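Okay, so here's the structure we're looking at.
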Amino acid sequence: MNLKKLAVGITTFTAAALMLTGCGNSSSNKKSDSSNTISFWYGGDGDSAIKPIIKDFTKETGIKVKVQSIPWTQYNDKLLTAAASKSGPDLIDMGTTSVPNFVSSNSLMDITDTVKKDSSLAPDKYFPGSVETTKVDGKYYGVPWYTETRVLYYRKDLLKKVGYNEAPKTWDEMYDAAIKLSKRGKGMYGMNIDANEQTFGFMFARQNGAQLLTKNNKTDFNKKPTVDAVKYLQKFVKNGATPKNDLKLSIGESFGGKGVLPMMITGPWEIKAIREDSGLKDDQWGVAELPKGKVSNTSATGGGDLAVFKYTKHKKESIKLLKYLSKRENQLKYYKNSDSLPARKDAWNAKELQTPKIQTIRDQLNHSKPMPLIKQWDQIGQDYNKAWEKVSVENADVQKTMDDLNKQANDSIKK
């Protein structure tokens, strides 16, 4: 899933149940009206990007599809409620970090046989990190639909003024550039660290050699690789290269203009925002792979997967829609409509994706992994954000904070 969107939070179970009463059950009633109508739950605040593709599907197959767009902040609870009542959608757009949780709640159908029998859905057609998000205990519960990862956005013009003719390539260079950029004057910084991004510190921990989750199903947050990675990030805040608190600036105010925050690590959705809102010329800014830590420059894989609701009465039709949306040409149509990047590798040779900025994201996808695929990870990510607030705002001791987070995470996993 779009991991940034997931970081917004989750609504209460009661609110979700009320929404299901108003929407989910009516979806089921619609299905009973016609054996040739299926429902598709779609994460996001609108469905304009998917409706034209669904219209073509209906025209080709005769199968009608009721699309229901649901904000990501409500999605998790609503799907859990649907699973509990065994009444809900047929096909689902799943956030990648949520798949294990919904497998454990018996929400998703095992589609291993479908994946193995259909060469068009073969795992080697997709980025490895995206495929990982669809598997639990060696079985497939989804097919990658769109993908994303984190890269470094930087102001070329401003970095050049502090001695960098290209993007920083190592942790040391990134810190050095950020410090120099922060010396431009009052209210100026070098790099943004997104306090709401649940994957941020974990990306750096992996770059420093952390496993995050060991073979014994235990977290290693209080070990040296993770602790040193968090200390590295804390240094940016301590020394004024990164603001302590969210400045609540638009992309035009932060990255555009004078460049209050001229470096940021974020996802591909930012390209459109910068082009539309920053006022910058295309040659004033760039996209680069993440700088390398002690071990790697590993980033985080996110995006969305297509999955079939376990209790659907329309398995055949749902699989048909899943396969249709998985086609190369339809992933490209969805990209054109939404800017969501295709998960199929063969779609990346399309003309519309042949730009340096987009191809840099493709290169980073080859060095990206999803967060550990356990049902507790969303909660662990939220707990990390609270730990980071203590470290960055309150200047708490990193080792003690990570000891506490590690215990909290392992206690959660045991439950």
In region 269-286, what count of residues is obtained for those that are open to solvent by less than 30 Å² (accessible area, probe 1.4 Å) and more than 27 Å from residue 387 (Cβ to Cβ)?
7
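Regarding residue 74, is this residue under 27 Å from residue 339 (Cβ atoms), touching a residue at least 40 places away in the same chain (Cβ under 8 Å), out of contact with any Ser or Thr (no Cβ under 6 Å at 6 or more places or on another chain) and not in a loop (DSSP other than H, G, I, E, B)? Explain how you work it out, then say what you get.
On the way: under 27 Å from residue 339 (Cβ atoms): yes; touching a residue at least 40 places away in the same chain (Cβ under 8 Å): yes; out of contact with any Ser or Thr (no Cβ under 6 Å at 6 or more places or on another chain): no; not in a loop (DSSP other than H, G, I, E, B): yes.
No.
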Identify all residues within region 79-106 that are over 25 Å from residue 199 (Cα atoms) and either assigned to a helix (DSSP H, G or I) or open to solvent by less than 10 Å² (accessible area, probe 1.4 Å) (or both); write none if there are none.
81, 82, 83, 84, 85, 88, 89, 90, 91
State all residues of region 115-147 that are closer than 18 Å to residue 361 by Cα and open to solvent by less than 10 Å² (accessible area, probe 1.4 Å); if no residue qualifies, say none.
126, 127, 129, 130, 144, 145, 147
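Restricting to region 359-400, what's the tally of residues that are free of Cβ contacts under 8 Å to residues at least 12 places away in the same chain and either under 25 Å from residue 137 (Cβ atoms) or assigned to a loop (DSSP other than H, G, I, E, B) (or both)?
Taking region 359-400 as the starting set, the residues that turn out to be free of Cβ contacts under 8 Å to residues at least 12 places away in the same chain are 359, 386, 390, 394, 396-397, 400.
With either under 25 Å from residue 137 (Cβ atoms) or assigned to a loop (DSSP other than H, G, I, E, B) (or both) added as a condition, the list becomes 394, 396-397.
Number of matching residues: 3.
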Could you figure out which of (1) modelled with pLDDT of 90 or more; (2) of a type in the set (Val, Ile, Thr); (3) open to solvent by 20 Å² or more (accessible area, probe 1.4 Å) isn't true of residue 73?
(1)
Being touching a Leu at 6+ places or on another chain (Cβ under 9 Å) and of a type in the set (S, T, N, Q) is the requirement here; does residue 392 meet it?
yes
For region 337-358, the count of residues that are open to solvent by less than 30 Å² (accessible area, probe 1.4 Å) and either over 13 Å from residue 145 (Cα atoms) or in a helix (DSSP H, G or I) (or both) equals 6
Among the listed residues 190, 209, 201, which satisfies the condition of being open to solvent by 10 Å² or more (accessible area, probe 1.4 Å) and among the small types (Gly, Ala, Ser)?
209
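Residues are listed down the side, and each one gets a yes or a no for (1) within 26 Å of residue 296 (Cβ to Cβ); (2) open to solvent by less than 30 Å² (accessible area, probe 1.4 Å):
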| site | (1), (2) |
| --- | --- |
| 330 | no, yes |
| 333 | no, no |
| 372 | yes, yes |
| 377 | yes, yes |
| 391 | yes, yes |
| 398 | yes, yes |
| 402 | yes, yes |
Consider only pairs whose beta carbons are under 7 Å apart and that are at least six residues apart or on different chains; among these, list those whose first residue lies in region 235-264 and is exposed (fewer than 14 other Cβ atoms within 10 Å of the Cβ) and whose second residue is hydrophobic (A, V, I, L, M, F, W, C) and part of a helix (DSSP H, G or I).
239/179
One residue is enough: does region 209-224 have a residue meeting the conditions outside any loop (DSSP other than H, G, I, E, B), under 29 Å from residue 96 (Cα atoms) and without any contact (Cβ under 8 Å) to a residue 60 or more places away in the chain?
yes
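The values are calculated or read from the model by the stated rules, or taken from the named source; none is laboratory data. Remember, predicted model here, so these are calculated numbers, not experimental data. Every residue, glycine as well, gets a Cβ built from its backbone with ideal geometry; the counts of neighbours run over all protein chains shown. Surface accessibility is based on the protein's heavy atoms, side chains included, excluding ligands, DNA and RNA. Shrake-Rupley method; radii C 1.70, N 1.55, O 1.52, S 1.80 Å.
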